[in-house]
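**Q** Can you read through this structure? Questions will come right after.
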Amino acid sequence: MTHPLGQFANGHPVGPPFALEEGDRMLRVHLDGGETYAKQGSMVAYRGRLDFAYKGQGVGGFLRRAVTGEGQDLMRVTGRGTVWFAESGSHISIFTLDHDSLTVNGRSLLALEAGVRYKVTTTSGGIGAMIAGGVFNTEVSGTGGVAVLCLGSPLVLPTDEPVCVDRDAAVAWTAGVRTRVVSTFKMGNLVGRSSGELAQIEYSGRGGFVVVQCGETPAAGTTTPDRH
């Protein structure tokens, strides 16, 4: 990964065709006959001759909904022009992959370049996993940019020593980092506790890191109704 944090928290281009507008709240993607993929409903403006294709029902559609969580699909954008993506004012970070991989919380994935492959993964952990609910993640790999949503400016924590993070606060983590659901609750303390207080995700692995957002809720806008 040439830029592990994708020139974190600044508005300069990270690699074609992805760039952040000033304030890191909007992603600008320029297409010159190519394609990109983005969360359905995240397009806020575009210029040029672009086509937006949405995945329908079926196994492929189900996987895409599982990837982004909360019933969201990915859309394929092709053509020539510029398109802007945003999600209710959420902070956006761009990670540039160079023949390596990154895991992203499914609800935090905003967009990715066509050269980036992805697959759905889950976090294991016995009873803790059941308490934490369905923990769908997206493993992205290959070459190109990946845009990720988060609440506020993220905190980056090394995983050389194990660190536990609320499942809705973890945004992304590096390849090779081991994850498991851990539980710190006692049966008598179940009443009135949220899932994040009952079970967390433990991250560990030398040389890795986990990106944590400023809150224990999904990135803003991930549960809003679909819109074009």
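**Q** Using modelled backbone amide H atoms (1.01 Å from N, in-plane), which distant-in-sequence or interchain residues come within less than 5 Å of residue 209's amide H?
**A** Sorted by chain and number, the residues that satisfy this are 159, 174.
**Q** Once the Cβ-Cβ distance between residue 182 and residue 117 is put in as r, and R0 is 25 Å, what FRET efficiency do you end up with, to the nearest 0.05? Walk me through the intermediate numbers first.
**A** Details: r = 30 Å, r/R0 = 1.19.
After rounding to 0.05, the efficiency reads 0.25.
**Q** Still on this structure: So what's the net charge close to residue 28: Lys and Arg +1, Asp and Glu -1, counting the other residues with Cβ under 11 Å from its Cβ?
**A** After counting each charged neighbour, the total is -1.
**Q** What order do you get for 210, 44 when you list them from fewest to most C-beta neighbours inside 10 Å?
**A** Working: 210 27, 44 13.
Ordered by Cβ neighbours within 10 Å, fewest first: 44, 210.
**Q** Within a 10 angstrom radius of the beta carbon, how do 216, 87, 161 rank from fewest other beta carbons to most? Mind dumping the intermediate values first?
**A** Values: 216 15, 87 24, 161 9.
Ascending Cβ contact count within 10 Å gives the list 161, 216, 87.
**Q** On full extension of the chain, what length is gained from residue 45 through residue 32, given 0.36 nm per residue of separation minus the C-alpha to C-alpha distance?
**A** On the way: separation 13, 0.36 × 13 = 4.68 nm, distance 1.68 nm.
Net length gain for the segment: 3.0 nm.
**Q** Here's a follow-up. Sequence-distant or interchain residues sharing an amide H contact under 5 Å with residue 44, placed H: which?
**A** 84, 85, 86
**Q** Residues in region 17-40, backbone N under 19 Å from the label point at residue 80 (7 Å along the Cα-to-beta-carbon vector): list them, ranges by number please.
**A** 17-18, 29-36
Every read-out reported here was derived from the displayed coordinates using simple, explicitly stated rules and does not represent laboratory data. Just so you know, these numbers come straight off a predicted model, no measurement behind them. Glycine gets a Cβ as well: all are built from the backbone with ideal geometry, and neighbour counts include every protein chain shown.
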